[in-house]
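The values are calculated or read from the model by the stated rules, or taken from the named source; none is laboratory data. These numbers were taken from a predicted model, which means no experiment stands behind them. Because the Cβ atoms are built from the backbone with ideal geometry, glycine has one as well, and the counts that use them run over all protein chains shown. Please note that ligands, DNA and RNA were not included when accessible areas were found on the heavy atoms of the full protein model with its side chains. Shrake-Rupley method; radii C 1.70, N 1.55, O 1.52, S 1.80 Å.
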Amino acid sequence: MSEHILSSKLYYGIWIALMVLTVVTAGVATIDLGPFNTIVALLIATSKALLVILFFMHVKYTSEKLTKMVIISSIFWLLLLLFLSLTDYGTRYAGHG
Amino acid sequence: MATAAITTEREHYLNKEYGIRSWLLTTDHKRIALLYLISITFFFFIGGFFALLIRLELLTPAGDLVQADTYNKLFTMHGMVMIFFFLIPSIPAVLGNFLVPMMIGAKDLAFPRINLLSWYLYIIAGIMMLHCMVTGGVDTGWTFYTPFSTAFTNTKVIEAGLSVFVAGFSSILTGLNFVVTIHRMRAPGMTWSRLPLFIWAHYATSIIQLLGTPVLAVTLVLVVCERVLGLGIFDPNRGGDPLLFQHLFWFYSHPAVYIMILPSMGVVAEIVPCFSRKRIFGYQAVALSSIAIAVFGFLVWAHHMFVAGISLYSAMIFSILSYLVAVPSAIKVFNWTATMYKGSVTFSTPMLYAFGFIGLFTMGGLTGLFLACLGIDVHVTDTYFVVAHFHYIMVGGAVMGYLGGMHFWWPKISGRLYPEWLGKFAALIVFLGFNLTFFPQFILGYLGMPRRYWQYPAEFQVLNVMSTAGSTILAVGYVLPMVYFLWSMRYGKIADENPWGAAGLEWKTASPPPTFNFEETPEVTWEAYNYDQIPAPAEVLIER
Ligand SMILES: [Cu+2]
């Protein structure tokens, strides 16, 4: 277990970034971007998740194989959930006109 | 009783410290296992009580014992208690907790305090569920289906949902602990290919707990949000999609069946070689089929939604994938059977439960194939056929394995032997009672009796009476082991460290084990299940 001590400055920085992104999410929701509404919202959410995973969960500094394995399989499992659900959502109304 | 005096003087995990504090603040995985044992037994009898009330109502065609509303609450509470407070924790939290470190030659789990935390979370969730129960209960079914749960029912959905949410975290922590322990704490020489199959099964189970449970937790939070804040996520009137709930819910809840059954398979894989005096047939195939079940288990969830309105294309994909899960399950059944072939089989109590498991699990699994088939599923969806099918898996399979494991490792846990003839008798009662309860339900379902109704047409009565009669026999079979286990703690014969002549590191330390499991860290130089090198104990030989 390699303990990596990060400065509290960095933590506050990340926290502020997360707060700013939250405000941006709320702000963007009031503007109609057409088909980009969902895309922008998801992009912001994903970058917030990345910040949390990389810094708060120390993944950026880990050399631990087990940790990487857990993260990769979590992402893979999320893709399973999305992909197999899309077999339904992608074709549910096909043929219903 | 000179021997008794000597053995009780030896220090072990049970007599090292005394008093309530030493139990409630313990970080010893063996003591936490016993805390879990007591708590899940409590919930098992609560869930069983609801089951008996359900069966009593269904004794007669008319809805005479309880009203429809009460009946809805009865089957909901039965399902929630049995699934989230008994079956999910059962083998992992009790036997897994007790045995995983010991089987790999470790002193404890990787995170002993997180282990204790997981028990406290379980207890908090349990208290919430009990409170929910006595203040009115829930009537959504254990599945929390929307939009009924978010927009219509006025029962305690929020409290039940949050209770299951907390119980989920308890389960995640157990899985996390096992994964890290199995990766990091194996004794020298305990390579992956030498691990007992019980460990492989628990590793696979932990994968599901870690990757599936968060989805359930998020889904329940969304249900609570929709109900409390009126967000439109699942309710079509508010722009949501009720099928989205079912997708998310079953993404966890189908694999959850494997959280219940995989550990039981691990137990059977320990019992069968021991009482056949043979190395397990096809070690690698059995080990990898556990992982295959865990992974494939995540690819089949929408078979619960064939008639719910998903696209036909999607239904076909999920139907094919559902057939796929049968392959690793069949591999296991064939390998256990092949292990017994030309073995010297002893019909001891744990082995009787293993036999029961293999037979009943096979029946549950094969009827699962009926349900994976789109055409048949349309006919039997939401009938007693489904109820019978999943009880064959979850009670005939998972509970049989749990009881088999409890008997197999009871001498290790308590240091005492239970009365063998009573054990065999109870195993027989359980098997008979189980089949009498649930086999008629296959026929009822096929004839068209829907599930979750408190009354039914008179022509179904004979089969329902059989089922109710069976449930009372089953109840006797479940109470008996509890009685003689308790009796044996005081009056049972003293067990030596390896009463069955079993392979595995847990049998190389004293019964009950010392607090840190081994006097010195063992070094493993042999393959798992080396029964050709272990003589069978005389007592077991006589019983053949
Ligand atoms: Cu399923």
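Interface residues of the range A:54-97, defined as those losing at least 50 Å² of solvent-accessible heavy-atom surface relative to the isolated chain (probe radius 1.4 Å), are listed as A:L66, A:W77, A:L81, A:L84, A:T87, A:D88, A:Y89, A:R92. With the whole protein complex present, A:I16 retains an accessible surface near 90 Å², based on a 1.4 Å probe.
If you take the accessible area of B alone plus A alone and subtract the pair, what total do you get in square angstrom, rounded to 100, with a 1.4 Å probe?
Working: alone 21330 and 8030 Å², together 27610 Å².
Chains B and A together bury roughly 1800 Å² of accessible area.
Think of it as helices only: each DSSP H run of n ≥ 4 in the protein assembly as shown is worth -39500 (n - 2.57), and spread over all residues that comes to -21500 deg cm²/dmol at 222 nm. For the range B:94-109, putting each phi into the Karplus relation 6.51 cos²θ - 1.76 cosθ + 1.60 with θ = phi - 60° gives couplings of 9, 6, x, 4, 5, 9, 3, x, 5, 5, 9, x, 9, 7, 6, 6 Hz, in residue order, rounded to whole numbers and with x for Gly and Pro.
Within the range A:61-93, which chymotrypsin sites (Phe, Trp or Tyr not before Pro) sit in a loop by DSSP and count at most 14 neighbouring Cβ atoms inside 10 Å? Here the sparse-neighbourhood loop sites are A:Y93.
Classify the range B:459-544 as rounded, prolate or oblate, taking a ≥ b ≥ c as the square roots of the eigenvalues of its Cα gyration tensor: rounded when a/c is under 1.5, otherwise prolate if a/b is larger than b/c and oblate if not. Don't skip to the answer; put the middle values down first.
Working: a/c = 2.70, a/b = 2.18, b/c = 1.24.
It comes out prolate by the Cα gyration axes.
Taken per residue, the accessible surface of the range B:4-543 reaches 37 Å², heavy atoms only and a 1.4 Å probe. Across q = 0.24 Å⁻¹, the range B:402-496 modelled as identical point scatterers on its alpha-carbon atoms has Debye log10 I(q)/I(0) values of -1.12, in the order of the q list. So, in Å, what gap is there between the alpha-carbon centers of the range B:346-419 and the range B:70-132? Answer, in whole Å: 19.
Please give the FRET efficiency for A:V59 paired with A:V28, using the beta carbon to beta carbon distance and R0 = 25 Å, rounded to the nearest 0.05.
Numbers: r = 27 Å, r/R0 = 1.09.
Once rounded, the FRET efficiency stands at 0.40.
Applying 1/(1 + (r/R0)^6) with r as the Cβ-Cβ distance of A:K68 and B:A458 and R0 = 51 angstrom yields a FRET efficiency of 0.20. What residues does the range B:224-263 have that are buried by at least 30 Å² of accessible area in the full protein assembly compared to the chain on its own, 1.4 angstrom probe? Flagged in the range B:224-263: B:D241, B:H247, B:F251. Along the range B:300-316 the Karplus relation, 6.51 cos²θ - 1.76 cosθ + 1.60 evaluated at θ = phi - 60°, assigns HN-Hα couplings of 10, 4, 6, 5, 7, 10, 4, 9, 8, x, 6, 5, 4, 4, 4, 4, 5 Hz to successive residues, with x for each Gly and Pro. Comparing Cα centroids, the range B:191-261 and the range B:307-340 end up 19 angstrom apart. Counting only protein chain heavy atoms and rolling a 1.4 Å probe, the accessible areas of B:C274, B:C225 rank, largest first, as B:C225, B:C274.
All other residues whose Cβ lies under 15 angstrom from that of B:M482 are scored, Lys and Arg at +1 and Asp and Glu at -1, for a net of +2. With the charge dipole of the range B:4-543 set up from +1 on Lys and Arg Cβ and -1 on Asp and Glu Cβ about the Cα centre, the Cα lying farthest toward the positive end among the listed residues B:S264, B:V378, B:T150 is that of B:S264.
From Cα pairs below 8 angstrom and at least 6 apart in sequence, can you work out the relative contact order of chain A, rounded to a whole percent?
Values: 22 pairs, mean separation 30.3, N = 97.
With pairs under 8 Å counted, the relative contact order is 31 percent.
Overall dimensions of chain B, expressed as equivalent-ellipsoid semi-axes from the Cα gyration tensor (√(5λ), whole Å, largest first), are 38, 25, 24.
Just want to confirm a number: the relative contact order over the range B:45-173, from Cα pairs under 8 angstrom separated by 6+ residues, in percent.
Worked out over the range B:45-173, it gives 30 percent.
Shape analysis of the protein assembly as shown places it in the oblate category; the axes a ≥ b ≥ c from the Cα gyration tensor give an a/c of at least 1.5, with a/b not above b/c. Could you list, in their original order, any pairs among A:K68/B:K30; B:K342/B:K424; B:K342/B:K412; B:K424/B:K508; B:K278/B:K493; B:K107/B:K412 whose Cα atoms are separated by more than 20 Å? The pairs that break the limit, which is 20 Å between Cα atoms, are A:K68/B:K30; B:K342/B:K424; B:K342/B:K412; B:K424/B:K508; B:K278/B:K493.
Taking all protein chains as present, what is the carbon and sulfur share of the accessible area of the range A:1-61, in % to the nearest whole number, probe 1.4 Å? Mind dumping the intermediate values first?
Values: 3490 of 4590 Å².
After summing per-atom areas, the C and S share lands at 76 percent.
Between B:E523 and B:I124, the simple spin-label model (points 7 angstrom out along Cα→Cβ) gives 4.5 nm. Structural descriptor for the range B:360-459: relative contact order 42 percent, calculated from alpha carbon pairs under 8 angstrom and at least 6 residues apart.
Could you please state how large a percent of the accessible area of the range B:4-543 is carbon and sulfur, counting protein chains only and using a 1.4 Å probe? Working shown, then result.
Details: 14040 of 20010 Å².
It is 70 percent, rounded to a whole number.
For chain A, the per residue solvent-accessible surface stands at 73 Å², with DNA, RNA and ligands left out and a 1.4 Å probe. Going by a ≥ b ≥ c, the root eigenvalues of the Cα gyration tensor, does the range A:1-61 fall in the rounded group (a/c under 1.5), the prolate group (a/b larger than b/c) or the oblate group? Taking the square roots of the gyration eigenvalues as a ≥ b ≥ c, the range A:1-61 is oblate. Near B:K493, the amide H atoms lying under 5 Å from its own belong to B:L417; only residues 5 or more places off or on other chains count, and H is placed 1.01 Å from N.
Going by accessible area, probe 1.4 Å, with all protein chains left in place, what is the ranking of A:D88, B:D532, largest first? Numbers along the way, then the final one.
Values: A:D88 0, B:D532 130 Å².
Result of the area sort, largest leading: B:D532, A:D88.
With a cut-off of 15 Å on the backbone N, the residues of the range A:55-78 near the modelled label site 7 Å out from A:L21 along Cα-Cβ are A:55-60. Computed from backbone phi with θ = phi - 60° and the Karplus coefficients 6.51, -1.76 and 1.60, the 3J(HN,Hα) list for the range B:474-486 is 4, 4, 4, x, 7, 6, 3, x, 4, 5, 7, 5, 4 Hz; x is used for glycine and proline. With the simple model of a label 7 Å out from the Cα in the direction of the Cβ, B:A68 to B:A330 spans 4.3 nm.
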